[in-house]
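The values are calculated or read from the model by the stated rules, or taken from the named source; none is laboratory data. None of the values given here were measured: they were computed from a predicted structure. Cβ: placed from backbone, ideal geometry, glycine included. Neighbour counts: every protein chain shown. Each accessible area value is taken on the protein alone, full model and side chains, heavy atoms only, with ligands, DNA and RNA left out. Shrake-Rupley method; radii C 1.70, N 1.55, O 1.52, S 1.80 Å.
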Amino acid sequence: MSAAIATAAAQFAFSATSRLDAELLMAHALGVERNAILLDPDRYTVPDTFAALVDRRLHHEPIAYIAGTRGFWSIDLAVGPGALVPRADSETLLIAAQSHFAGRAPATILDLGTGPGTLLLAALDEWPAQGFGVDYSPPSARLRPRQRSNPWHGRPRALHPRKLGQRDRRPVRPDPRQPPYIATDEQLPPEVQNHEPHAALFAGADGLDDYRILAEQLPALIAPGGAAVIEIGSTQAPPVTALLEAQGLHVALHHDYGGNPRALVASHAPTT
């Protein structure tokens with residue numbers, strides 16, 4: 001068992017988490033949690049299905065697609081091809097929202113560009129709010145909670161942008177990588193470039209196309225005391241801040257786990 005994991009990890013030299021990748025694939029092949037093979041590796045024999053999983057990873061398929069799951073914030077999600085893989089750095093948006101609301105709960109969460117709803121579900125697990133996910137694409141069936149029970153029953157709803165009028169004034173929180181913020185000519189790792197949905201990644205020559213549209217819409221959507229929490233690329237804080245401030249919004253910057261600029265919190269300036 002340990003030798004098979006070590007051999008697979010050596011083949012995954014292209015990955016920054018090669019050993020973890022191999023352990024997750026072995027756990028998936030065995031149908032057990034990763035902790036089980038770490039605590040007692042001699043209990044198990046290598047299943048025949050492991051080699052096929054290793055081969056998929058060697059073609060740079062994301063681990064989340066192969067294993068079918070990804071943990072995000074306080075929830076576990078079932079993930080499949082066609083859904084953007086949740087990133088840990090996107091949890092910065094939830095941390096930023098916690099800071100803004102400082103112990104009080106938002107009444108409504110509007111998730112613009114919700115995609116499969118990663119952040120919307122995580123936010124609803126954090127706060128007893130009503131949730132609305134807005135996206136031009138049909139709701140994705142490729143990402144869903146793994147919990148047997150549904151603690152969000154009746155709270156998340158899907159909306160088409162045409163149904164979102166300017167009279168709707170709700171605290172806003174977009175989804176990971178939504179809006180997309182990567183320049184169209186930027187080179188990405190093969191597991192992202194070749195497998196994840198491009199519509200959720202690329203946004204014009206400078207990566208700012210969707211921010212330009214979003215900045216004009218946000219003032220009418222943010223409720224008094226609410227905020228828009230927006231994910232950005234690590235170099236995009238100055239231009240996106242300028243777009244938001246041009247609309248009269250107050251902007252605060254938050255950094256991710258690696259210390260990189262990752263989220264902007266836009267809100268109406270306090271009245272005096």
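At-a-glance table
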item	result
Residues being within 21 Å of A88 (Cα to Cα) and modelled with pLDDT of 95 or more - total across the range 28-59	2
Segments classed as strands (runs of 3 or more DSSP E), wholly inside the range 209-272, with at least 1 members that are among the charged types (D, E, K, R)	228-231, 261-268
Criterion: under 30 Å from P224 (Cβ atoms), surrounded by fewer than 15 Cβ atoms within 10 Å (Cβ to Cβ) and charged (D, E, K, R) - qualifying residue of R19, R104, R43	R104
The range 86-100: number of residues that are open to solvent by 10 Å² or more (accessible area, probe 1.4 Å) and either closer than 21 Å to L221 by Cα or of a type in the set (A, V, I, L, M, F, W, C) (or both)	5
Any hit, the range 67-84, residues being open to solvent by 10 Å² or more (accessible area, probe 1.4 Å) and more than 30 Å from A129 (Cα to Cα)	yes
Of residues in the range 251-260 being touching a helix residue (DSSP H, G or I) at 6+ places or on another chain (Cβ under 9 Å) and not hydroxyl-bearing (S, T, Y), the one least open to solvent (accessible area, probe 1.4 Å)	D256
Subset tally (residues that are open to solvent by 40 Å² or more (accessible area, probe 1.4 Å), in contact with a Leu (Cβ under 9 Å, 6 or more places away or on another chain) and farther than 27 Å from P189 by Cβ) for the range 22-40	0
Scope the range 48-59; condition open to solvent by 30 Å² or more (accessible area, probe 1.4 Å) and closer than 21 Å to A78 by Cβ; matching residues	T49, A52, R56
Residue in the range 237-250 that is modelled with pLDDT under 90 and either touching a Leu at 6+ places or on another chain (Cβ under 7 Å) or open to solvent by 20 Å² or more (accessible area, probe 1.4 Å) (or both) present	no
Some residue of the range 28-41 being touching a residue at least 40 places away in the same chain (Cβ under 8 Å) and over 30 Å from L112 (Cβ atoms)	yes
Residues within the range 221-232 that are open to solvent by 10 Å² or more (accessible area, probe 1.4 Å) and either at pLDDT 90 or above or of a type outside the set (A, V, I, L, M) (or both), tallied	2
Residue match in the range 122-132 (condition: surrounded by 24 or more Cβ atoms within 10 Å (Cβ to Cβ) and in contact with a Pro (Cβ under 7 Å, 6 or more places away or on another chain))	yes
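This table checks each residue for (1) under 25 Å from A8 (Cα atoms); (2) polar (S, T, N, Q).
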position	(1), (2)
L39	yes, no
D48	yes, no
D55	yes, no
I63	yes, no
A67	yes, no
W73	no, no
P86	yes, no
T92	no, yes
S99	no, yes
